[in-house]
Amino acid sequence: LARGLLTLTVFDREINIRRAASAAFQENVGRQGSFPHGIDIVTLADYFTVGNRANAFLTIAPQVANHDAYRAGLTDHLITRQLRHWDRAVRTLASQALRLLAPLDALRAVEHCLPILLKSALSSDLPERHGATMAVADLTLGLHEAGHPLAPGGEAEAKVVGLVPAIEKARLFRGRGGEVMRGACCRVLEVVALTNIALPPERVDAFSKFVAENLKHPTEDIVTHAVAAAAALSSRSLHVMSPAWTSKLVAGWATAARDDANPAARRGFALAVGKLDPRVLNPSLSVALAGLIPAATVIDEDPDSRDAEARRNAVRGLTSLALA
């Protein structure tokens, strides 16, 4: 009963349910006094602190999970319920919460939670696979940040690295839900780079092509995720590639930012060029500037080809480049 009430208190979507569950938990603690760590939790999860959904997921839940009696129940509820929720905002919060909870029991996270998530990421149900894909990224990053990275060369690491190719092979980017999966997969690639997972050159090449494909997307959220992935890959993974390969990449992206007929592609590549790591960018700095400066300053003679957002992103790219 205590675990059930606490799960609703910190993880339910509706504010009234969270507050009602908190009140019921407090009432049981006051009348029976048999709930584990009851007084400590009542002071944490009260009527006001659970009123804000993000605060309940990301602040209160990790503090409650510090108690062994509730940790597994909270984690399992995220995996079996909230990561499959119909509301995308709830799935995102659940993934972020798992990032905070996983390090509290790293062994269980790797041996129990991660295999479930990797399997769910290939589900035919869109909310389930989107939530699971986001959670694979956040769980991996959370473990790394807490000093419990996936074992180098191990099975878990290999499956995380192979997740995006597996989703692509299953053609889960097509049809309904393909857009949200693109953003989630870019997040996975970003985390693979940020956690310093060793990648062979052929894998880096494939991931870079996937990121470039998503930089052309007209949806701003997908482009944002793709730019973050490009920045992470350039700072952590592109060192395994030859100077000729990196020069070709910079030249291709800078040219696309200036000349691509697709305005969405110009927007995405302009942002991405500015976010490339200086070690990648400096040998081809003149090429990058030759792409971004005209993209920011030259207005197309054809009114139908003008795109204010592309010029804005080119200015942002130049700013990022100057600050790097």
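The values are calculated or read from the model by the stated rules, or taken from the named source; none is laboratory data. Just so you know, these numbers come straight off a predicted model, no measurement behind them. All Cβ positions, even for glycine, are placed from backbone atoms using ideal geometry, and neighbour counts span all protein chains on display. The protein model used for the area step is the full one, side chains on, heavy atoms only, and it has no ligands, DNA or RNA in it. Shrake-Rupley method; radii C 1.70, N 1.55, O 1.52, S 1.80 Å.
One table, with the values for the structure above:
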| quantity | calculated |
| --- | --- |
| For residue 187: the one exception among (1) open to solvent by 40 Å² or more (accessible area, probe 1.4 Å); (2) basic (Lys, Arg); (3) not in a loop (DSSP other than H, G, I, E, B) | (1) |
| Selection from segment 90-100 of residues that are out of contact with any Gly (no Cβ under 8 Å at 6 or more places or on another chain) and not β-branched (Val, Ile, Thr) | 93, 96, 97 |
| Top-ranked residue of segment 221-240 - restricted to ones that are open to solvent by 30 Å² or more (accessible area, probe 1.4 Å) and more than 15 Å from the chain's Cα centre (by Cα), ranked as nearest to residue 288 (Cα to Cα) | 235 |
| Hits in segment 141-166 (condition: of a type in the set (A, V, I, L, M, F, W, C) and either in contact with a Lys or Arg (Cβ under 8 Å, 6 or more places away or on another chain) or open to solvent by 20 Å² or more (accessible area, probe 1.4 Å) (or both)) | 141, 146, 151, 156, 158, 161, 166 |
| Those helices (runs of 4 or more DSSP H) lying entirely in segment 29-120 with at least 2 residues closer than 18 Å to residue 187 by Cβ | 68-80, 88-101, 114-120 |
| Counted residues, segment 251-291 - those being within 19 Å of residue 186 (Cα to Cα) and not in a loop (DSSP other than H, G, I, E, B) | 13 |
| Conditions (1) among the aromatic types (Phe, Trp, Tyr); (2) surrounded by fewer than 21 Cβ atoms within 10 Å (Cβ to Cβ); (3) closer than 18 Å to residue 216 by Cα; number of the one not met by residue 245 | (3) |
| Residues satisfying the stated conditions in segment 198-209, i.e. closer than 13 Å to residue 162 by Cα and either open to solvent by 10 Å² or more (accessible area, probe 1.4 Å) or without any contact (Cβ under 8 Å) to a residue 12 or more places away in the chain (or both) | 198, 199, 200, 202, 203, 206 |
| Residue satisfying condition, being within 30 Å of residue 302 (Cβ to Cβ) and at pLDDT 95 or above, within set 204, 223, 191 | 223 |
| Residue within segment 25-46 that is closer than 21 Å to residue 86 by Cβ and not hydrophobic (A, V, I, L, M, F, W, C) present | no |
| Selected residue [among the acidic types (Asp, Glu) and either modelled with pLDDT of 95 or more or touching a His at 6+ places or on another chain (Cβ under 7 Å) (or both)] from 76, 68 | 76 |
| Tally, over segment 45-74, of residues that are open to solvent by less than 10 Å² (accessible area, probe 1.4 Å) and not aliphatic (A, V, I, L, M) | 2 |
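Table: residues versus (1) open to solvent by less than 10 Å² (accessible area, probe 1.4 Å); (2) at pLDDT 90 or above.
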| site | (1), (2) |
| --- | --- |
| 274 | yes, yes |
| 286 | no, yes |
| 289 | no, yes |
| 292 | yes, yes |
| 304 | no, no |
